[in-house]
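Okay, here's the structure, questions in a sec.
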Amino acid sequence: MLENWVVMPTCLPLVRRRCHTCASERFLADGKFRVNAHHKLIDAWLLVLCASCGETAKLTVLERVNVRSVRPELLERMHGNDPALAAELLQDPVLRRRNRVALDWDGAWRLDTGGTDHLDHEVIDVSVRFAARIPVRPVRLIAEGCGLSRAEVERLITDGKLISAVRLGGKLSGDFAFLLKR
């Protein structure tokens, strides 16, 4: 029987960037935007607050872009401080690279297994889907979803009782599947 698990975000991740005021490296994104127009050109930033001192930093979303080239619904979402848009933009690798930031997902996601009725089966076939690109170790997901320790999961991989088409070492942020034989 195929089980479907979902890794879903519970809140916006922390933004890792150095604060110029207090040298902290954690910023909170709350979905606030600043939009500034210069005649026919527009700039837009996602505002983030330092987790230590509260200093505001700006992540560039649009820079000197012609107003006519920006979709009206995007502009409306920025003016409305849409947190879903902030989440989408934080997932964008181009925006993260341009602003030289990384994301810290610790405590900002959860695993939805759909219940614990699968724990007593002899063989478990699981498909894991990511609702957002959250880098997580598959060993951690399997341990949490099956009620095992990480060491037990590592032993199952070594013994060949935990099989997957993807490498289970390291971190993944894309969908994968595994088969667990007890």
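The values are calculated or read from the model by the stated rules, or taken from the named source; none is laboratory data. Computed from a predicted structure; not experimentally measured. With ideal geometry, Cβ positions are generated from the backbone for all residues, glycine too; neighbour counts draw on all protein chains shown. Side chains are part of the model used for accessible areas, which takes the heavy atoms of the whole protein and leaves out ligands, DNA and RNA. Shrake-Rupley method; radii C 1.70, N 1.55, O 1.52, S 1.80 Å.
Please tell me the relative contact order of the chain in percent, rounded to the nearest whole number, where contacts are Cα pairs under 8 Å and at least six residues apart.
Averaging sequence separation for qualifying contacts and normalising by length gives 25 percent for the chain.
What nm value, rounded to one decimal, do you get for the distance between Gln91 and Leu2 when each label is placed 7 Å out toward the C-beta?
Each label point lies 7 Å from its Cα, and together they span 2.2 nm.
Could you give the C-alpha radius of gyration of the chain expressed as a fraction of 2.2 N^0.38 Å, taking N as the number of residues it contains?
Dividing the Cα radius of gyration by 2.2 N^0.38 Å gives 1.29.
If I compute solvent accessible area with a 1.4 Å probe over the protein chains, what percent of it on region 1-135 is carbon and sulfur?
Of the solvent-accessible surface of region 1-135, carbon and sulfur hold 49 percent.
Quick check: the distance between the Cα centres of region 1-76 and region 122-182, to the nearest angstrom?
Cα centroid to Cα centroid, the span is 32 Å.
Can you figure out the FRET efficiency of His20 with Arg71, using R₀ = 35 Å and their beta-carbon distance, to the nearest 0.05?
Calculated value: 0.60.
Could you tell me the calculated FRET efficiency between Ser173 and Glu152, based on Cβ-Cβ distance and R0 = 25 angstrom, to the nearest 0.05?
0.55
Something else about it: Based solely on its DSSP helices, what 222 nm [θ] is calculated for the chain when runs of n ≥ 4 H residues each add -39,500 (n - 2.57) and the sum is averaged over all residues, nearest 500 deg cm²/dmol?
-6500 deg cm²/dmol
Separate question: Please report, in debye to the nearest 20, how large the charge dipole of the chain is about its Cα centre when each Lys and Arg carries +1 at its beta carbon and each Asp and Glu carries -1 there. Walk me through the intermediate numbers first.
On the way: 28 positive and 23 negative charges, 208 e Å.
Once rounded to the nearest 20, the dipole reads 1000 debye.
I'd like the antiparallel share, as a percent to the nearest 5, of DSSP beta bridges with both residues in the chain. Walk me through the numbers on the way to the answer.
Values: 36 of 42 bridges.
Here the share of antiparallel DSSP bridges comes out near 85 percent.
Something else about it: Could the peptides 19-27, 5-13 be put in order, highest first, of the mean number of other beta-carbon atoms found within 10 Å of their residues? Mind showing how you got there, number by number?
On the way: 19-27: 14.7, 5-13: 17.2.
Sorting 19-27, 5-13 by mean packing, highest first, produces 5-13, 19-27.
Let me ask something additional. Applying 1/(1 + (r/R0)^6) with R0 = 41 Å to the Cβ-Cβ distance of Lys32 and Asp125, what FRET efficiency is obtained, to the nearest 0.05?
0.40
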